[in-house]
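Single-structure report; data block below.
What follows is calculated from the coordinates using simple rules that are stated; it is not laboratory data. Source: prediction; values computed, not measured. Cβ placement follows ideal geometry from the backbone for every residue including glycine, while neighbour counts extend to all protein chains displayed.
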């Protein structure tokens with residue numbers, strides 16, 4: 001088994017310490033940091049993401065794998081800075097105004113970072129103006145808008161409308177418990193994701209990655 005396959009296996013075995021040690025070993029053997037990320041860490045994260053989407057693993061397992069990913073990335077950061085590592089795209093995400101729920105949003109962030117995205121997390125209770133400022137500041141390719149309460153769907157609609165001046169440069173992806181494909185279509189969002197794993201797949205699709 002190659003060292004990259006071992007890293008993937010350690011990821012899906014929920015063993016952060018093993019992932020970190022194998023990452024250090026791979027670097028010492030001269031394996032490229034980008035290969036470690038793409039063929040080891042992201043490969044493992046994608047495997048768990050698919051399992052999560054199919055309800056074969058659950059939130060605790062995803063969090064352990066995320067911890068493993070972060071442990072490995074801490075080892076890799078000096079090499080990535082040196083190599084001028086480029087993330088695949090920038091993704092701004094937040095939960096709409098008057099909604100304080102963030103568990104689903106945070107799972108999406110874990111999946112996105114595991115898939116190679118740079119994520120800017122605006123947090124919860126985010127007004128439309130803050131989304132707009134983030135677009136101007138960070139120049140993302142995609143914006144994720146989350147709502148977990150039926151009563152805040154109106155805020156999602158308002159936020160999408162507020163981002164209208166930027167639609168030539170961004171894609172808007174929406175999700176959350178009360179959100180449906182029909183509602184996403186009604187508010188002119190570019191995409192809808194019913195869960196965290198699907199959010200990564202839809203983001204890749206929207207950006208042609």
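Against the chain, whose longest principal axis comes from its Cα atoms, helix 153-162 is set at around 90 degrees. Length gained on full extension, residue 180 to residue 118: 19.7 nm, using 0.36 nm per residue less the C-alpha separation.
Rounded to the nearest 10 degrees, the angle from helix 16-28 to the longest Cα principal axis of the chain is 60 degrees.
Here region 166-209 is scanned for amide nitrogen atoms under 20 Å from the site 7 Å beyond the Cα of residue 38 along Cα-to-Cβ, giving 200-209.
Against the chain, whose longest principal axis is taken from its Cα atoms, helix 128-138 shows a tilt of about 40°.
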